[in-house]
Protein chains: 2
Amino acid sequence: MTNVVLDGTDRKIVAVLAREGRISNLELADRIGLSPTPCSRRVKRLEEEGVIMGYGARINPAAMGQSISVMVQVRLSQQAPADIDAFMSAVQRLPQITECLLVTGDLDYVLKVQTRDVEALRDFVLKELKAIPSVAETSTMLILDVAKSTV
Amino acid sequence: MTNVVLDGTDRKIVAVLAREGRISNLELADRIGLSPTPCSRRVKRLEEEGVIMGYGARINPAAMGQSISVMVQVRLSQQAPADIDAFMSAVQRLPQITECLLVTGDLDYVLKVQTRDVEALRDFVLKELKAIPSVAETSTMLILDVAKSTV
DNA sequence: GTTGAAACTTATTAAAC
DNA sequence: GTTTAATAAGTTTCAAC
């Protein structure tokens, strides 16, 4: 990753766009105290430099009938490249998995999973996750509340 | 949460906007196979119904000099409302904490934390997190890779 | 649901300072 | 960096089908 020099104005832009990704350039410029022209240039530069990787809508899973959110910690029994590949392809394939992090510590992967209800979660864990040969151990924590989120 | 009925077209719209939040209505309509007018109406309806909660830019923390990402599991010693309030206000105050989830299981909260380097992480854990009186126990996992992300 | 057109708002670029 | 101006593009609303 090429390191990028960001001044205070750039950081203001990033902070605003992180929360309001669809704000118009005119309002963004007004918000950060800059005129539209250099504001637009800075945004384009931040996009080209990879500081801003893209934009996305924040979707409410509950409103879409996905009311169960869980964190699943997964330990793989085998760590050979073929085992990791098999696990990774399953992770990419399963739409219930919205996030997958490789972590240090006691467990190897942390997944964020969303399902319609507890039955769908049970089916997911038993029939999908534990069906992956390299998965040795899973531990599920139900997410009761999102207390802070920058997304 | 009021449950919303979404048809296949709505789900297509959500799927596209989740990935490309700044797509124009004309291109979105073309992408999902609908004309611009009803497409725009559907998007507005999805926003009003709370399915789409907002839009945001995807920021690359590494490009901003925040190269360390960790998951921190936190157990509170005291669960009285005052203790939870103290912890929550610290969570909101500390910019390193980008996500905070209340979970069931062994530990009470899971945090996603970003810092500039390991020294900043050490200072954060020792001087900020452990300084909160209600925090009894923390466990930190370094995030080595993001293998999947819907954001 | 579709198309088409008009009115309005932005974005983008260039030129000046 | 700023402002102004002009062109291009997108959004919104309306009518008619």
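If you go through the stretch B:85-95 one residue at a time, how many are of a type outside the set (Phe, Trp, Tyr) and open to solvent by less than 50 Å² (accessible area, probe 1.4 Å)?
5
Have a look at B:Leu17, B:Leu46 and point out the one that is within 16 Å of DNA strand D (Cβ to nearest atom) and more than 19 Å from A:Ala18 (Cα to Cα).
Unique residue meeting the criteria: B:Leu46.
Go through the stretch B:1-19 and count every residue that is within 12 Å of DNA strand C (Cβ to nearest atom) and polar (S, T, N, Q).
1
Which one of the conditions (1) touching a Leu at 6+ places or on another chain (Cβ under 6 Å); (2) under 24 Å from A:Ile68 (Cα atoms); (3) not polar (S, T, N, Q) does B:Met88 fail to meet, given that it meets all the rest?
Checking B:Met88 against (1) touching a Leu at 6+ places or on another chain (Cβ under 6 Å); (2) under 24 Å from A:Ile68 (Cα atoms); (3) not polar (S, T, N, Q), the one that fails is (1).
Given the structure, is A:Val91 hydrophobic (A, V, I, L, M, F, W, C), more than 15 Å from A:Leu129 (Cβ to Cβ) and assigned by TED's automatic domain parsing to the domain that holds A:Asp123?
Spelling it out, it is not the case that A:Val91 is hydrophobic (A, V, I, L, M, F, W, C), more than 15 Å from A:Leu129 (Cβ to Cβ) and assigned by TED's automatic domain parsing to the domain that holds A:Asp123.
Does A:Val74 fit the bill of being on the phi < 0 side of the Ramachandran plot, more than 16 Å from DNA strand C (Cβ to nearest atom), open to solvent by less than 50 Å² (accessible area, probe 1.4 Å) and within 9 Å of chain B (Cβ to nearest Cβ)? Outline the logic, then answer.
Details: on the phi < 0 side of the Ramachandran plot: yes; more than 16 Å from DNA strand C (Cβ to nearest atom): yes; open to solvent by less than 50 Å² (accessible area, probe 1.4 Å): yes; within 9 Å of chain B (Cβ to nearest Cβ): no.
When the stated conditions are applied, A:Val74 does not pass them.
Please tell me if B:Arg31 is touching a Lys or Arg at 6+ places or on another chain (Cβ under 9 Å), within 16 Å of DNA strand D (Cβ to nearest atom) and not assigned by TED's automatic domain parsing to the domain that holds B:Val135.
For B:Arg31, the condition - touching a Lys or Arg at 6+ places or on another chain (Cβ under 9 Å), within 16 Å of DNA strand D (Cβ to nearest atom) and not assigned by TED's automatic domain parsing to the domain that holds B:Val135 - is met.
Taking the stated definitions as given, is A:Asp106 farther than 23 Å from B:Thr140 by Cβ, outside the structural domain of A:Glu20 (by TED's automatic domain parsing) and out of contact with any Leu (no Cβ under 7 Å at 6 or more places or on another chain)? Let's see the steps before the verdict.
Numbers: farther than 23 Å from B:Thr140 by Cβ: no; outside the structural domain of A:Glu20 (by TED's automatic domain parsing): yes; out of contact with any Leu (no Cβ under 7 Å at 6 or more places or on another chain): yes.
Answer is no for this residue.
Can you tell me which residues in the stretch A:20-41 are touching a residue at least 12 places away in the same chain (Cβ under 8 Å) and either under 25 Å from the mean Cα position of the chain (by Cα) or within 11 Å of DNA strand C (Cβ to nearest atom) (or both)?
Of everything in the stretch A:20-41, those that are touching a residue at least 12 places away in the same chain (Cβ under 8 Å) and either under 25 Å from the mean Cα position of the chain (by Cα) or within 11 Å of DNA strand C (Cβ to nearest atom) (or both) turn out to be A:Gly21, A:Arg22, A:Asn25, A:Leu28, A:Cys39, A:Ser40.
Exactly one of (1) among the aliphatic types (A, V, I, L, M); (2) within 11 Å of chain A (Cβ to nearest Cβ); (3) surrounded by 16 or more Cβ atoms within 10 Å (Cβ to Cβ); (4) closer than 24 Å to A:Val70 by Cα is unmet by B:Val43. Its number?
(4)
Without any contact (Cβ under 8 Å) to a residue 12 or more places away in the chain, surrounded by fewer than 16 Cβ atoms within 10 Å (Cβ to Cβ) and more than 7 Å from chain B (Cβ to nearest Cβ) - does that describe any residue in the stretch A:48-70?
yes
The values are calculated or read from the model by the stated rules, or taken from the named source; none is laboratory data. Quick caveat: nothing in here was measured; it's all calculated off a predicted structure. Here Cβ is always computed from backbone atoms with ideal geometry, including for glycine, and neighbour counts include all displayed protein chains. Calculation scope for accessible area: heavy atoms of the full protein, side chains included, ligands and nucleic acids excluded. Shrake-Rupley method; radii C 1.70, N 1.55, O 1.52, S 1.80 Å.
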